[in-house]
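Below: the structure, in structure tokens.
The values are calculated or read from the model by the stated rules, or taken from the named source; none is laboratory data. Values in this document were obtained by computation on a predicted structure and should not be read as measured data. Methodologically, a virtual Cβ is constructed for each residue, glycine included, from the backbone with ideal geometry; neighbour enumeration extends over all protein chains shown.
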Amino acid sequence: MVQNLINYGKSLFDPLLKPPDGLLKRFKIKTVLELWREMGTVGLLKLMWGMRKNMQEMQHYDLSLLVKTRLIDEKLIQGLLKKTAIMKTIITIVGLDRAIQIQRKVFTWQESGILETMLMDPEFKISDLMTSQGLIDYFARGRKNTP
């Protein structure tokens, strides 16, 4: 039955806003291991040093207007700045083409991990959705619960 789905009644974006316990830690560990595999120990140390330097440079930009207008919150801004600093440093160390390859690898498994939490239970049969407006009910209920 549709009500037995793991995410029944939840917004599709809940896992992005409130990821399940351990998911971010798993992503962080796996990302560091992948970067270490691709860049080696010296490359990883250069990345940590360069990222810190790039973060300090980016802190000089005044992004408070975005926070004041509530377009974006401070935590998200810091996260985006950190990701930008990481990518800029990786490009500096290994070059643009290799950095893109590394980023694609990381995004591929991160994306699948997030989608697993967002989508339906694998045991669910699509035929169950087609009965009694299951799909419409699933998404309509999720939309009502969105703030």
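Where the second residue is of a type in the set (Gly, Ala, Ser) and at pLDDT 85 or above and the first is closer than 19 Å to residue 102 by Cα and lies in the range 68-91, which pairs have Cβ atoms under 7 Å and are six or more apart or on separate chains?
Pairs that qualify, where the first residue is closer than 19 Å to residue 102 by Cα and the partner is of a type in the set (Gly, Ala, Ser) and at pLDDT 85 or above, are 87/99; 89/50; 90/99; 91/99.
Can you find a residue in the range 4-19 that is among the charged types (D, E, K, R), assigned to a loop (DSSP other than H, G, I, E, B) and at pLDDT below 90? If you could, list the steps in order and put the result at the bottom.
The first filter runs over the range 4-19 and keeps only residues among the charged types (D, E, K, R), leaving 10, 14, 18.
Going one step further and asking which of them are assigned to a loop (DSSP other than H, G, I, E, B), we end up with 10, 18.
Okay, now just the ones that are also at pLDDT below 90, so 10, 18.
Within the range 4-19, one or more residues are among the charged types (D, E, K, R), assigned to a loop (DSSP other than H, G, I, E, B) and at pLDDT below 90.
Would it be correct to say that residue 41 is in a helix (DSSP H, G or I), among the β-branched types (Val, Ile, Thr) and in contact with a helix residue (DSSP H, G or I) (Cβ under 6 Å, 6 or more places away or on another chain)?
Working: in a helix (DSSP H, G or I): yes; among the β-branched types (Val, Ile, Thr): yes; in contact with a helix residue (DSSP H, G or I) (Cβ under 6 Å, 6 or more places away or on another chain): no.
For residue 41, the condition - in a helix (DSSP H, G or I), among the β-branched types (Val, Ile, Thr) and in contact with a helix residue (DSSP H, G or I) (Cβ under 6 Å, 6 or more places away or on another chain) - is not met.
Could you check residue 138 against (1) modelled with pLDDT under 75; (2) closer than 25 Å to residue 27 by Cα and say which number it fails?
Tallying (1) modelled with pLDDT under 75; (2) closer than 25 Å to residue 27 by Cα, residue 138 fails exactly one: (2).
Return the residues of the range 80-116 that are closer than 13 Å to residue 35 by Cβ and not in a helix (DSSP H, G or I); say none if nothing qualifies.
Within the range 80-116, none qualify.
Please work out if residue 82 is at pLDDT 90 or above and surrounded by 12 or more Cβ atoms within 10 Å (Cβ to Cβ). Spell out how you get there, then give the answer.
Working: at pLDDT 90 or above: no; surrounded by 12 or more Cβ atoms within 10 Å (Cβ to Cβ): yes.
Spelling it out, it is not the case that residue 82 is at pLDDT 90 or above and surrounded by 12 or more Cβ atoms within 10 Å (Cβ to Cβ).
For the range 55-79, what are the residues that are surrounded by fewer than 11 Cβ atoms within 10 Å (Cβ to Cβ), assigned to a helix (DSSP H, G or I) and modelled with pLDDT under 85?
Of everything in the range 55-79, those that are surrounded by fewer than 11 Cβ atoms within 10 Å (Cβ to Cβ), assigned to a helix (DSSP H, G or I) and modelled with pLDDT under 85 turn out to be 64, 65, 68, 75.
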